[in-house]
């Protein structure tokens, strides 16, 4: 049986446009775990997605999503400690679909 390819997506805000230069969520873990599957295609996609992705909001704020391959035991810990993804789940979907963070407008 093939092992499942698992990825963690972790959100941070390396550039902030707030009055005090801080992000109120910086002390929390914002992460999503995705099981990419067991196929050869899933394994290749997993390898392709590992890295860092940036998105500028154009107002001084910039988000970073770090993608790492993880084990099932690491996935359990991340899921337990995560505070969600601050409403930016669309960034994870974009990375998986486009290998970059872009805003997709659906009609």
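Identify all residues within the range 19-34 that are out of contact with any helix residue (DSSP H, G or I) (no Cβ under 8 Å at 6 or more places or on another chain) and closer than 23 Å to residue 74 by Cβ; write none if there are none. Break it down into steps so the answer makes sense when it comes.
Restricting attention to the range 19-34, the residues satisfying the condition of being out of contact with any helix residue (DSSP H, G or I) (no Cβ under 8 Å at 6 or more places or on another chain) are 19-28, 30.
The answer is 25, 26, 27, 28, 30.
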Problem set entry | Single match in 40, 27, 107 (criterion: more than 15 Å from the chain's Cα centre (by Cα) and at pLDDT below 90) | 107
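Take the conditions exposed (fewer than 11 other Cβ atoms within 10 Å of the Cβ) and at pLDDT 95 or above and apply them to residue 66. Does it pass?
So residue 66 does not fit the description; no.
Among what's in the range 84-95 and is crowded, with 17+ Cβ neighbours inside 10 Å and under 12 Å from residue 49 (Cα atoms), pick the residue that is farthest from the chain's Cα centre (by Cα). Before the answer, list the steps.
Quick first cut of the range 84-95, residues crowded, with 17+ Cβ neighbours inside 10 Å only: 85, 88, 91-92, 94-95.
Still in the list and also under 12 Å from residue 49 (Cα atoms): 92, 94-95.
Details: 92: 5, 94: 10, 95: 8 Å.
Filtering first and then ranking leaves 94.
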Problem set entry | Identity of the residue in the range 19-36, in contact (Cβ under 8 Å) with a residue 12 or more places away in the chain and in a loop (DSSP other than H, G, I, E, B), that ends up surrounded by the fewest Cβ atoms within 10 Å (Cβ to Cβ) | 26
For this session: Determine, yes or no, whether residue 84 is closer than 23 Å to residue 104 by Cβ and without any contact (Cβ under 8 Å) to a residue 40 or more places away in the chain.
Result: no
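Give the residues of the range 6-18 that are within 8 Å of the chain's Cα centre (by Cα) and either part of a loop (DSSP other than H, G, I, E, B) or at pLDDT below 95 (or both), sorted by residue number. Please lay out each step first, then the result.
Step one: of the range 6-18, the residues within 8 Å of the chain's Cα centre (by Cα) are 8-11.
Those that are within 8 Å of the chain's Cα centre (by Cα) and either part of a loop (DSSP other than H, G, I, E, B) or at pLDDT below 95 (or both): none in the range 6-18.
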Problem set entry | Tally, over the range 8-18, of residues that are touching a helix residue (DSSP H, G or I) at 6+ places or on another chain (Cβ under 6 Å) and either farther than 18 Å from residue 56 by Cα or surrounded by fewer than 19 Cβ atoms within 10 Å (Cβ to Cβ) (or both) | 1
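The values are calculated or read from the model by the stated rules, or taken from the named source; none is laboratory data. Bear in mind that the values here come from a model prediction, so they are computed numbers and not experimental data. Quick reminder, even Gly has a Cβ in these numbers, built from the backbone with ideal geometry, and neighbours come from all protein chains shown.
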